[in-house]
Amino acid sequence: GAIAMEEQRRRAKELLNELSRATRCSDNREERTSEKHEGTKCQPWSRMDFQQRLSSFSTACWFNKPAPISAIECARYGWRNEGVDRLRCDSCKERLTMIISPGLNKEARDRLVGPNKTQL
């Protein structure tokens, strides 16, 4: 409960700091990246975009997910929460469903997380 929330807050702060450092890159890098992704909405270096993606997650729709597929990690890779256990990529618009039953033991959860993480 409280320990997990503190860990998520700590990870969120780390990611925001990392994103903040990334936004300080030169205009040249940003122009090159923009050209590559012209027409896409997702801007991984944008702190504001990250925060908007992260705000799409709620405990009602994305609850008790293991750290590798937490709301923070999903938002970091450009995904938004679109409903219960469902994600949508901002860039390619692909949709994923990631159901991890809370009744599974740690070993079973870890086996499921691997393939789910690689989809991000």
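The values are calculated or read from the model by the stated rules, or taken from the named source; none is laboratory data. Keep in mind that this is a model prediction, so the values were computed, not measured. Glycine gets a Cβ as well: all are built from the backbone with ideal geometry, and neighbour counts include every protein chain shown.
The table that follows gives values for the structure above.
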{"read-out": "Among residues of segment 74-120, those that are of a type in the set (D, E, K, R), free of Cβ contacts under 8 Å to residues at least 60 places away in the same chain and closer than 23 Å to S55 by Cα, counted", "value": "10"}
{"read-out": "Selection count, segment 71-96, where residues are among the hydrophobic types (A, V, I, L, M, F, W, C), over 8 Å from the mean Cα position of the chain (by Cα) and not in a loop (DSSP other than H, G, I, E, B)", "value": "3"}
{"read-out": "Test: residue in segment 38-52 that is at pLDDT 80 or above and hydrophobic (A, V, I, L, M, F, W, C)", "value": "yes"}
{"read-out": "Residue list for segment 83-109, filter: of a type in the set (S, T, Y) and modelled with pLDDT of 90 or more", "value": "T97"}
{"read-out": "Residue in segment 62-82 that is at pLDDT 90 or above and loosely packed, with under 12 Cβ neighbours inside 10 Å present", "value": "no"}
{"read-out": "Residue count for segment 49-70, restricted to those that are part of a loop (DSSP other than H, G, I, E, B), aromatic (F, W, Y) and farther than 16 Å from V113 by Cα", "value": "1"}
